[in-house]
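Comments concern the structure below.
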Amino acid sequence: MKQGLIFNIQRYSVHDGGGIRTLIFLKGCPLRCPWCSNPESRKKVEPTTWIKNGRTEKIGDWRSVDEILDEVLKDEIFYRTSGGGVTLSGGEVLLQSEFAGECLKELKKLGIHTAIETTGCFPVERLKEITPYIDQVLFDLKIMEQSEAQRIIGIDPERVRENFDYLLKQKQLQVIPRIPLIPGYTTSEANIQRMIEFLTVRQIKEVHLLPFHQYGSSKYDYLGWEYTMRDVETLSQNEISEIQDKFEAVNIAANIDGLE
Ligand code: SF4
């Protein structure tokens with residue numbers, strides 16, 4: 001049976017989809033967001049190491065679909081009583097789309113609500129393979145201007161648009177845009193305005209906002225990587241509310257759902 005490279009499993013999460021959820025984090029991401037709070041997930045689908053408290057630790061374990069099912073079924077009762085389920089996150093889930101598809105298919109057979117988090121940075125064919133097994137997509141929107149998006153995070157906004165529009169046409173699933181609020185990158189007036197235009201044209205009525213935090217900063221030390229966001233301050237409640245107001249002024253509910 002197909003195996004996937006997993007770098008974390010988080011039980012009892014109340015973020016990243018509705019209800020109580022288990023989050024499965026798939027390793028590998030081709031992007032390079034400077035603010036990434038899971039830098040250990042980046043780059044290839046292969047285990048990596050970091051040095052934490054003087055000890056070398058391996059990041060990433062190959063797990064079969066059955067092993068994932070065994071893990072998530074421990075909390076089935078919580079999914080059913082809370083309206084929760086399982087969310088595949090990353091990294092970028094589409095980098096292991098075949099494994100993700102098998103997991104999602106088995107979960108659907110068991111009647112468990114499924115969600116994925118994605119940046120939509122791969123050809124739409126990868127999404128087409130797994131959409132029959134997804135109930136909800138948490139779709140990241142970050143930097144909307146083409147050249148900036150390519151230069152800063154290495155993503156093609158045209159491809160993101162194509163994937164987003166494909167998912168919107170799949171009426172059996174719910175698409176929720178997720179916008180990380182990153183000072184100096186995504187919170188500029190121009191970027192927020194571009195987001196709002198993108199969303200209003202598509203008649204989107206709800207987004208999730210993920211305020212920037214510094215919780216991932218020590219991971220860069222463990223990895224021996226430069227972290228350019230170390231001195232960036234988190235947004236104040238007022239600054240977050242001002243951004244929320246901009247979305248809500250055009251009738252888009254802007255909910256805070258966890259942290260980026
Ligand atoms: S897409 Fe997510 S996992 Fe990948 S680099 Fe950006 S923040 Fe990190």
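The values are calculated or read from the model by the stated rules, or taken from the named source; none is laboratory data. The structure presented is a predicted model; accordingly, all values stated were derived computationally and were not measured. We place every Cβ from the backbone using ideal geometry, glycine too, and count neighbours over all the protein chains shown. Each accessible area value is taken on the protein alone, full model and side chains, heavy atoms only, with ligands, DNA and RNA left out. Shrake-Rupley method; radii C 1.70, N 1.55, O 1.52, S 1.80 Å.
Structural remarks
- Based on protein heavy atoms only, the chain ends up with 46 Å² per residue of surface accessible to a 1.4 Å probe.
- About the Cα centre, charge dipole magnitude for the chain (Lys/Arg +1, Asp/Glu -1 at Cβ), debye: 520 debye
- Positive end of the dipole of the chain (Cβ unit charges, origin at the Cα centre): among Ile243, Ile143, Gln172, the Cα lying farthest that way belongs to Gln172.
- You can think of it this way: the chain between Thr81 and Ser217 has 45.4 nm of extra reach, that is 0.36 nm per residue less the Cα-Cα gap.
- Distance-filtered residues of region 121-140 - backbone nitrogen under 16 Å, label point 7 angstrom along Arg159 Cα→Cβ: 121-129, 140
- For Ile59, the amide hydrogen comes within under 5 Å of the amide hydrogens of Thr48, Thr49, Trp50, counting only partners 5 or more places away or on other chains and with H modelled in the peptide plane.
- For region 145-260, a simple Cβ point-charge model (Lys and Arg +1, Asp and Glu -1, everything else neutral) yields a dipole of about 520 debye relative to the Cα centre.
- Counting protein heavy atoms only, region 120-234 has 45 percent of its accessible area on carbon and sulfur, 1.4 angstrom probe.
- Net charge of Cβ neighbours under 15 Å - reference Thr49; Lys, Arg +1; Asp, Glu -1: +3
- A Förster radius of 45 Å, combined with the Cβ-Cβ distance separating Asp245 from Lys58, puts the computed FRET efficiency at roughly 0.50.
- Region 112-214: equivalent-ellipsoid semi-axes (sqrt of 5 x gyration tensor eigenvalues, Cα, Å): 23, 15, 13
- The longest stretch of the chain left intact once loop-based chymotrypsin sites (Phe, Trp or Tyr not before Pro) with at most 16 other Cβ atoms within 10 Å are removed from consideration, loops following DSSP, is 1-214.
- Dipole moment magnitude, nearest 20 debye, region 111-199 about Cα centre, only Lys, Arg, Asp, Glu C-beta charged: 140 debye
- Prolate/oblate/rounded label for region 54-149 (Cα gyration tensor, a/c 1.5): oblate
- Of the solvent-accessible surface of region 14-73, computed with a 1.4 Å probe over protein heavy atoms with every protein chain present, carbon and sulfur atoms account for 47 percent.
- If the chain linking Gln10 and Ser236 were pulled fully straight, counting 0.36 nm for each residue of separation and taking away their Cα-Cα distance, it would gain 78.6 nm.
- The Cβ shell under 10 Å around Gln10 holds other residues with a net charge of +1, Lys and Arg each +1, Asp and Glu each -1.
- Solvent-accessible area of His113 with every protein chain in place, 1.4 Å probe, in Å² to the nearest 10: 60 Å²
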